[in-house]
Amino acid sequence: MQFKSRNFDRAETILDICNLSVCLPDQPDIAPVLDGINLTIRAGETACLVGESGSGKSVTSLAVMGLLPKGSLTVSAGEIRLDDTDLLTLSPSDMRKVRARRIAMIFQEPMTALNPVMRVGEQIEEVLTTHEKALSSKVRRGRVLDIMAQVHLPEVERIYGSYPHQLSGGQRQRIMIAMALVLEPKLLIADEPTTALDVTTQGQILSLIAELQERHGTAVLFVTHDMGVVAEIADTVHVMQYGCIVEHAPVERLLRQPQEEYTRKLLSAVPSLVPRPTRPAMLDDNVLEVRNMEKVYAQGGFLVRKAGTLAATGVDLSIARGRTLGIVGESGSGKSTVARCILRLVDPTSGEIRVAGTEIARLSRRALRPHRKHFQIVFQDPFRSLNPRWTVSRSLTEGPVNFGITRRDALSRAGELMELVGLPRDALARYPHQFSGGQRQRIAIARAVAMRPDVLVADEAVSALDVSVQAQVIELLDDIQEKLGIAILFITHDLRVAAQICDDVVVMQRGVVVEYGPAGEVLSQPRHDYTRSLIEAAPGRLWDFANFREIRTA
Amino acid sequence: MFGYIIRRILGVIPVMAIVALVVFLLLRLTPGDPAAILAGDSATAAQLERIRESLGLNDPLHLQFFNWIRQLLQGDLGTSLISNTDVSQMIGRRINPTINLAVMTIIISVLMAVPMGVIAAWRHRSWIDYGVMTFSVLGFSVPVFVIGYIFIQIFAIELRWVPVQGYAHPTQDLMGFFQRAILPSLTLATIYVALIARMTRASMLEVLGEDYIRTARAKGVRENVVLFRHALRNAAVPIMTIIGTGFALLISGVVVTESVFNIPGIGRLTVDAILARDYPVIQAMILLTAGIYVLVNLLIDISYSLIDPRIRY
Amino acid sequence: MADVQQPTSGMQVVLGALSLPKKWRLGIGPIIAVIVLLAIVMAAVFAPLYVPYDPSQMSSTNRLQPSSAEHLFGTDPYGRDLFSRVVTGGQVSLLIGIGSAIVSVLVGLAIGLVSGFFRIADAIIMRVMDSLMAIPAILLAIALVALSGPSITSVIIAITIPEVPRVVRLVRSVVLGAREEPYVEAAIALGSSMPRILWQHLMPNTLSPLIVQGTYICASAILTEAILSFLGAGVSTEIPTWGNIMAEGRTYFQVNPGLIFWPGLMLSLCILSINLLGDTARDILDPRLKKREA
């Protein structure tokens, strides 16, 4: 693993944050959101701000931009120096002049960060019309097209006149970068700029930022939760927790010799890309078999029939009792469609689905209901997968009661389930909003397991969780599988997660299965080009975070 | 796009057919006998029967309905029971004041309400915001005729700036028209302004929380550009929707306002017809206003695509 | 775009924590609204116990008196005591307001649930609702009342018909939105039957918006009743209502502006307080606030 190891001792300081505190106005008893942050960035340096949700990393970046939401957060102490001017003392109109000209920012979600009703070219041009009023419209347009070419957008003339919704996620993020860099600011703040992108696109955007940074000598403050990205791009790393920077160091030192307990914990939780040792296959006792399944989403309305969208085709897979099969792929690969078809939340267009010996693909909704207990699902978003108006006990007993178990029995079983997923029994009387995201996901798992299913489908079930919580939930799933012998179908976009939990892996691309085999083989000796490109794009893939060293290939 | 417009226009047909059916049924199934009204109190049973026969009231209900529809399709809105004149002629004579009043009201309303809503959203939770919200709740709560009488009391009786009531044709006396139309328009505009300002504020508040507004601010764009160039255009679709659906309020308001200010428009015509139980006029008026409402909303729906490029048909 | 939702940023957590206390800071407006509304309701309900005159007792010698110690608000063109009439007039208005709100909400809820759930019924129901919405409410109401005769029931029916489509649309949009929620899909996976999901998971989502909507309907029904009476198509003129007091007084309002002013003031205060309560309810029950709070 090659880390960045440039020396910045003699480079000029661009940004100097001294003792910055941010708090909620008129609520002195609540702990500050930022508590005495110190951070320096020098010309050409990439400083990564890394931490879990709620650690204050986004607040830090917004404070630098002077974009803290009015009325809900205020700076209570400290300085933010940019080239010796304290940004906090500037008037609003002077601060406006600093933005885009000296500091620019790119955001997480390029779809929502661009104005949907303006052409993207005009949005870049607006930076020039705001800050360089003297330019003629011809020169302006020339500069816009030039920066669009620099971020490697194809057919710049055409894209200039496009609206955001007509572009891909990667293209939109390139537009954001072009917008940020058109005035060559000294500091670029990137707030999770690749988090919403697919892994291959992420790789391209990261190398684009690095390329432009090299060319213009820009300092970059890069906010991320992803240690892989940190390993890939950082010069220095600042680890945040509860509004404080707990540790900062050059990237290699931080990853090799983390000093603080929290940093060690954070690194240890990063799942390794090296597949876990294969478990011995049990008897060939397939509880789920999918044969030649296809799903076409119909389009058009009442009068007009258009050709549908092919979401998945020719899908074959099977899982034996007690085994875990992963489906990996990028967005639009059809992996979630497969899951939803197997659950019969949508109806497959053709093919067979056999669960615990029963063919369910063609059953009517009503005829299907008695079979539903054999297969259950855990969804991605822990905040929406439990009915907010129901107590936990009501959620946990809903299914068993549907299948004729008395309320009393269902309730006592719900208590056992809570213990199984590591939550106290007395939490049954509480409502979902009283739990954290990870705890809710445990409840969702308990609800699914309450049905004693043969197959559990986990649809991106750990993707919305912080990395340390993610590790615990994965462990829980493993544990439950061992105790109950459930087969798990694990849908994920994250190869690291797949490597840690799956026995077998299906790789999907544009609705088609491109590779299917034991996880160890597929992830370490991929045969298909697409699988290979996925693995190569995974950031920090050569580093073994949990053991603070390079990956040793056995 | 073109195909979409055609489809939308075709979609108006069933809506209007149902409107016609509902209006017809409601009027026919409620107790009350048009023949009795036409005949007067002193009519004998035989006279009544003759009138009923001549009006086609003895036909089965569905036949009456289809006969009415057939007439409508031929452009015949029927004949008044009271004055025995052609309904379309009656409407033609009275529609100008109403249209002038409505257009003036809409212009005043939009020009007042949209800036009010934008500023209220921009200065969320400030005294301006509370002021606008208070005005908008008041506008909903004070009945339109009370507002009318308050305006008359202040501007016509106390201050004597404008005449109390009446109407002048703009082609004959432009100054007189404005003098007489300004109070009714303001009266009518109150509730409309309240409605639009409220929706503008809500829609702007939502848009101002969007990521692209933060992006625009991060570009160093001035605040008025953020508000009007970035935010307002994104907030426009719900605002236009409310202008369209609020059109129903405007129609109701016209009826009352014309009574208060003694304006010879179709609102007064309708009220008079209803009080006189003049069935053909009532039917025609409800159908006409429903038709205008549907048309206005159709135009607004179609114009969404001009504002928002994501809406493509 | 990857189909992944990432950990919520620190910002969102902070904002979420903030919205909780803020929503209970209601300010003084709603408190005044409650007091005013209670006062009006009590005044109307107990009017027979304390009014100085029989509100329908005419007196040819006492016509159009200005306000005095004997007649607090003066008298109307028939010599009846205006104060007694105005406080009594609230009875009918409030009855019609509350009655229309309850009927509209119940009917709208039933139709909306069916519409949100059965796709085939939905297409037809929504066309009919679109058509009903196109018919101007006031015209329909006056036509109905004028033709079927003045009574409280027919006024309530006349007000309800144009309000129902709005309630249906509201219920339907909530049901359609909630249908996509993972917890509803989870319930499907748990083998719950469709009617059960509809009633236990989806219907409760409509309650908060319906309470808000019901309040607004109540206010607008009182307003519509007043307009109907004003135009001469309301409840029988023998029963005093704010609307018909004003209707009878309109020709004399230059002689005694109180004929319009007092009933108008009561009416406006009543509607204003109900609307303010509706706004407050909406602020408390706003689903977006709820989401952030979660």
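The values are calculated or read from the model by the stated rules, or taken from the named source; none is laboratory data. These numbers were taken from a predicted model, which means no experiment stands behind them. FYI the Cβ positions are ideal-geometry reconstructions off the backbone, even for glycines, and counts take in every protein chain you see.
In the list A:GLY71, A:GLY44, A:GLY54, which residue meets the criterion of being on the phi > 0 side of the Ramachandran plot, outside any helix (DSSP H, G or I) and more than 11 Å from every other protein chain (Cβ to nearest Cβ)? I'd like the intermediate steps shown before the answer.
Working: A:GLY71 fails: more than 11 Å from every other protein chain (Cβ to nearest Cβ); A:GLY54 fails: more than 11 Å from every other protein chain (Cβ to nearest Cβ).
After applying the criteria, what remains is A:GLY44.
Hey, can you tell me all the residues within segment B:61-75 that are surrounded by fewer than 16 Cβ atoms within 10 Å (Cβ to Cβ) and either assigned to a helix (DSSP H, G or I) or modelled with pLDDT under 85 (or both)? Give the derivation first.
So in segment B:61-75, the residues surrounded by fewer than 16 Cβ atoms within 10 Å (Cβ to Cβ) come out as B:61-63, B:66-67, B:69-71, B:73-75.
B:LEU61, B:HIS62, B:LEU63, B:PHE66, B:ASN67, B:ILE69, B:ARG70, B:GLN71, B:LEU73, B:GLY75 - these are the residues of segment B:61-75 that are surrounded by fewer than 16 Cβ atoms within 10 Å (Cβ to Cβ) and either assigned to a helix (DSSP H, G or I) or modelled with pLDDT under 85 (or both).
So which residues in segment A:186-202 are among the polar types (S, T, N, Q) and at the interface with chain C (Cβ under 10 Å from one of its Cβ atoms), if there are any at all? So that I can check it myself, show each step before the final result.
The first filter runs over segment A:186-202 and keeps only residues among the polar types (S, T, N, Q), leaving A:194-195, A:200-202.
Listed by number, the residues that qualify are A:THR194, A:THR195, A:THR201, A:GLN202.
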When A:GLU79 is run through (1) within 14 Å of chain C (Cβ to nearest Cβ); (2) surrounded by 14 or more Cβ atoms within 10 Å (Cβ to Cβ); (3) more than 26 Å from the chain's Cα centre (by Cα), the failure sits at (1)
- Message: Going residue by residue through segment A:463-485, is there one that turns out to be small (Gly, Ala, Ser), in contact with a strand residue (DSSP E or B) (Cβ under 8 Å, 6 or more places away or on another chain) and modelled with pLDDT of 90 or more?
- Response: no
Per the filter on segment A:381-438, residues under 17 Å from C:VAL184 (Cα atoms) and in a loop (DSSP other than H, G, I, E, B) are A:ASP381, A:PRO382, A:PHE383, A:ARG384, A:SER385, A:LEU386, A:ASN387, A:PRO388, A:ARG389, A:TRP390, A:THR391, A:TYR431
Scanning segment C:73-103 for residues that are aromatic (Phe, Trp, Tyr) and in contact with a Leu (Cβ under 8 Å, 6 or more places away or on another chain), the one modelled with the lowest pLDDT turns out to be C:PHE73
The residue from A:THR129, A:THR112 that alone is polar (S, T, N, Q) and more than 26 Å from the chain's Cα centre (by Cα) is A:THR129
Restricted to segment A:92-137 and to residues being small (Gly, Ala, Ser) and surrounded by fewer than 18 Cβ atoms within 10 Å (Cβ to Cβ), the residue farthest from the other protein chains (Cβ to nearest Cβ) is A:SER136
Among residues of segment C:191-219 being small (Gly, Ala, Ser) and touching a residue at least 60 places away in the same chain (Cβ under 8 Å), the residue farthest from the other protein chains (Cβ to nearest Cβ) is C:GLY214
Checklist entry - Being within 14 Å of chain A (Cβ to nearest Cβ) and over 24 Å from C:PRO209 (Cα atoms), is that true of even one residue in segment C:107-123? => result yes
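I need the full set of residues from segment B:240-279 which are facing chain C (nearest Cβ under 7 Å) and part of a helix (DSSP H, G or I), in order please. Even if it seems obvious, please write down each step before you answer.
As a first pass, look at segment B:240-279 and keep what is facing chain C (nearest Cβ under 7 Å): B:248, B:251-252, B:255-256, B:259, B:270-271, B:274-275, B:277.
Answer for segment B:240-279, where residues must be facing chain C (nearest Cβ under 7 Å) and part of a helix (DSSP H, G or I): B:ALA248, B:ILE251, B:SER252, B:VAL255, B:VAL256, B:SER259, B:THR270, B:VAL271, B:ILE274, B:LEU275.
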Tell me, please, whether a residue that is touching an Asp or Glu at 6+ places or on another chain (Cβ under 9 Å) and surrounded by 22 or more Cβ atoms within 10 Å (Cβ to Cβ) can be found in segment B:275-289. yes
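Looking at A:LEU49, A:LEU88 in this structure, which one is more than 9 Å from chain C (Cβ to nearest Cβ), outside any loop (DSSP other than H, G, I, E, B) and crowded, with 20+ Cβ neighbours inside 10 Å? Write out each step before concluding.
Numbers: A:LEU88 fails: crowded, with 20+ Cβ neighbours inside 10 Å.
From the options A:LEU49, A:LEU88, the qualifying one is A:LEU49.
Can you tell me which residue within segment A:243-301, out of those that are of a type in the set (S, T, N, Q), under 28 Å from the mean Cα position of the chain (by Cα) and closer than 30 Å to A:VAL315 by Cβ, is modelled with the highest pLDDT?
First, pick out the residues of segment A:243-301 that are of a type in the set (S, T, N, Q): A:257, A:259, A:263, A:268, A:272, A:278, A:286, A:292, A:299.
Within this subset, residues satisfying the condition of being under 28 Å from the mean Cα position of the chain (by Cα) are A:257, A:259, A:263, A:268, A:272, A:278.
With closer than 30 Å to A:VAL315 by Cβ added as a condition, the list becomes A:272, A:278.
Values: A:SER272: 86, A:THR278: 78.
Once the filter is applied, the top-ranked residue is A:SER272.
This table checks each residue for (1) farther than 30 Å from C:ILE28 by Cβ; (2) among the aliphatic types (A, V, I, L, M).
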{"residue": "C:ILE197", "(1), (2)": "yes, yes"}
{"residue": "C:LEU202", "(1), (2)": "yes, yes"}
{"residue": "C:ALA221", "(1), (2)": "no, yes"}
{"residue": "C:PRO263", "(1), (2)": "no, no"}
{"residue": "C:CYS270", "(1), (2)": "no, no"}
{"residue": "C:ARG282", "(1), (2)": "no, no"}
Checked C:SER93, C:SER56 against criteria (surrounded by fewer than 16 Cβ atoms within 10 Å (Cβ to Cβ) and among the small types (Gly, Ala, Ser)); the one match is C:SER56
Within segment A:354-381, residues more than 9 Å from every other protein chain (Cβ to nearest Cβ) and crowded, with 23+ Cβ neighbours inside 10 Å come out as A:VAL355
Within segment A:24-36, the count of residues that are under 26 Å from the mean Cα position of the chain (by Cα) and more than 8 Å from chain C (Cβ to nearest Cβ) comes to 1
- Query: Yes or no: C:ILE222 within 12 Å of another protein chain (Cβ to nearest Cβ), in contact (Cβ under 8 Å) with a residue 12 or more places away in the chain, of a type outside the set (Asp, Glu) and within 26 Å of C:ASP283 (Cβ to Cβ)?
  - Reply: yes
Checked pairs for segment B:202-213, first on the phi > 0 side of the Ramachandran plot and within 9 Å of another protein chain (Cβ to nearest Cβ), second assigned to a helix (DSSP H, G or I) and of a type in the set (Asp, Glu), C-beta under 6 Å and 6 or more apart or across chains, list as none
* Asked: Looking at this structure, is C:LEU106 surrounded by fewer than 20 Cβ atoms within 10 Å (Cβ to Cβ), at pLDDT 90 or above and hydrophobic (A, V, I, L, M, F, W, C)?
  -> yes
All-but-one check, A:SER336 against (1) out of contact with any Gly (no Cβ under 8 Å at 6 or more places or on another chain); (2) not in a helix (DSSP H, G or I), failing number (2)
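Looking at the structure I just gave you, is A:ASN402 farther than 15 Å from A:ALA446 by Cα and within 14 Å of chain C (Cβ to nearest Cβ)? Give the derivation first.
Values: farther than 15 Å from A:ALA446 by Cα: yes; within 14 Å of chain C (Cβ to nearest Cβ): yes.
So A:ASN402 fits the description; yes.
What is the residue count in segment B:76-100 for residues that are assigned to a helix (DSSP H, G or I) and either of a type outside the set (Lys, Arg) or free of Cβ contacts under 8 Å to residues at least 40 places away in the same chain (or both)? It would help to see each step written out before you state the result.
Applying the first criterion (assigned to a helix (DSSP H, G or I)) to segment B:76-100 yields B:87-100.
From the residues that got through so far, the ones that are either of a type outside the set (Lys, Arg) or free of Cβ contacts under 8 Å to residues at least 40 places away in the same chain (or both) too are B:87-93, B:95-100.
Residues in segment B:76-100 being assigned to a helix (DSSP H, G or I) and either of a type outside the set (Lys, Arg) or free of Cβ contacts under 8 Å to residues at least 40 places away in the same chain (or both): 13 in total.
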- request: Could you check, for segment A:2-13, whether at least one of its residues is part of a strand (DSSP E or B) and not assigned by TED's automatic domain parsing to the domain that holds A:ALA180?
  value: yes
A:ASN115 meets each of (1) touching a His at 6+ places or on another chain (Cβ under 8 Å); (2) outside any loop (DSSP other than H, G, I, E, B) with one exception, condition (2)
When B:TRP127 is run through (1) surrounded by 14 or more Cβ atoms within 10 Å (Cβ to Cβ); (2) over 26 Å from B:ASN262 (Cα atoms); (3) over 21 Å from the mean Cα position of the chain (by Cα), the failure sits at (1)
